[in-house]
1. Among the residues of the stretch 140-148, is there at least one that is at pLDDT 95 or above, assigned to a loop (DSSP other than H, G, I, E, B) and in contact with a helix residue (DSSP H, G or I) (Cβ under 6 Å, 6 or more places away or on another chain)?
2. Give the number of residues within the stretch 191-213 that are without any contact (Cβ under 8 Å) to a residue 40 or more places away in the chain and touching a strand residue (DSSP E or B) at 6+ places or on another chain (Cβ under 8 Å).
3. Considering only residues that are of a type outside the set (Asp, Glu) and modelled with pLDDT of 95 or more, look in the stretch 196-207 and name the one that is farthest from His74 (Cα to Cα).
4. Within the group Thr152, Thr180, which residue is surrounded by fewer than 18 Cβ atoms within 10 Å (Cβ to Cβ) and on the phi < 0 side of the Ramachandran plot?
5. Has the stretch 89-98 got at least one residue that is at pLDDT 95 or above, within 21 Å of Asp238 (Cα to Cα), surrounded by 17 or more Cβ atoms within 10 Å (Cβ to Cβ) and under 13 Å from the mean Cα position of the chain (by Cα)?
6. Report, by residue number, each residue of the stretch 47-68 that is out of contact with any Ser or Thr (no Cβ under 9 Å at 6 or more places or on another chain) and either without any contact (Cβ under 8 Å) to a residue 12 or more places away in the chain or of a type in the set (A, V, I, L, M) (or both).
7. Any idea which of Arg111, Arg73 is touching a residue at least 40 places away in the same chain (Cβ under 8 Å), of a type in the set (Lys, Arg) and at negative phi?
8. Which residues, counting only those in the stretch 193-231, are under 17 Å from Ile50 (Cβ atoms), surrounded by fewer than 16 Cβ atoms within 10 Å (Cβ to Cβ) and within 20 Å of the chain's Cα centre (by Cα)?
Amino acid sequence: MTAARLVRTASLAALPALVTAYAAPVVSTFGPLRNRAMPRLSGRGRPDHIALTFDDGPDLMSTPHFLRLLAERHVRATFFLLGREAHRSPGLVREIAAAGHEIGIHGWLHRPLLLRGPRATYDDFARARDAVADITGQQPALFRPPYGVMSTPAHLAAHRLGLTPVLWTCWGEDWTARATPESVHRTVTADLDGGETILLHDSDCTSAPGAWRSALSALPRILDTCAQRGYEVGRLRDHGWPRPA
């Protein structure tokens, strides 16, 4: 066997291991497993606190409704913004920050990380981080991957950029056309416990048209349920997460 063929054979033999290493973090997608085995990645925090988070904004049509409701209820949350949408609506980004909400990034574009190579992953994160930093004057520290799916290059890029990945422990399934305020409230609160992180969406840019309305209408009931169970609701920063090094 020639040297070239030996190299080619060895490369093919190593391919499954390389693919496994690249995609290994995808196991974090499975909520029950992630919540048990990866509490930090899931956003587990103070047992008397619930972290409220929103993805996919900002959106000039929908996000202001969420900001008004949160202001009325004296609640601050964490918004994971798409860089492209932030770039389109810088005034709204500054409004989110001025209201005391925490801002993380959700990437520049809402595309699966498993379809991107290391360089494209890094560039996407860096572009979103820098866009938010330029608008707010403060560099974001948190990152949430599109669809909640991580990859090895994503972990490496986040580390290089000073971003801490955080997912969620429960969601409202509010992105579908069949979602209703009742279904969102029921899904979020069915097994809600202290220390959890809720995922909702303040934009329908990657969801069914108008899907954000179900989350908005469910939000007061979700906040009421948290209060009835004795939980404070706030930002991931107030959740004791990420914990100081």
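The values are calculated or read from the model by the stated rules, or taken from the named source; none is laboratory data. Bear in mind the structure is a predicted one, so any value in this text is a computation, not a measurement. Cβ atoms come from the backbone with ideal geometry, glycine included; neighbour counts cover every protein chain shown.
1. Yes, the stretch 140-148 has at least one match.
2. Here the count works out to 2.
3. Top of the filtered list is Ser203.
4. Sole residue among the options that is surrounded by fewer than 18 Cβ atoms within 10 Å (Cβ to Cβ) and on the phi < 0 side of the Ramachandran plot: Thr180.
5. Checking the stretch 89-98: not a single residue is at pLDDT 95 or above, within 21 Å of Asp238 (Cα to Cα), surrounded by 17 or more Cβ atoms within 10 Å (Cβ to Cβ) and under 13 Å from the mean Cα position of the chain (by Cα).
6. Applying the first criterion (out of contact with any Ser or Thr (no Cβ under 9 Å at 6 or more places or on another chain)) to the stretch 47-68 yields 47-49, 64-68.
Leu67, Arg68, listed by residue number.
7. Step by step, each of Arg111, Arg73 is checked, and only Arg73 is touching a residue at least 40 places away in the same chain (Cβ under 8 Å), of a type in the set (Lys, Arg) and at negative phi.
8. Answer for the stretch 193-231, where residues must be under 17 Å from Ile50 (Cβ atoms), surrounded by fewer than 16 Cβ atoms within 10 Å (Cβ to Cβ) and within 20 Å of the chain's Cα centre (by Cα): just Asp193.
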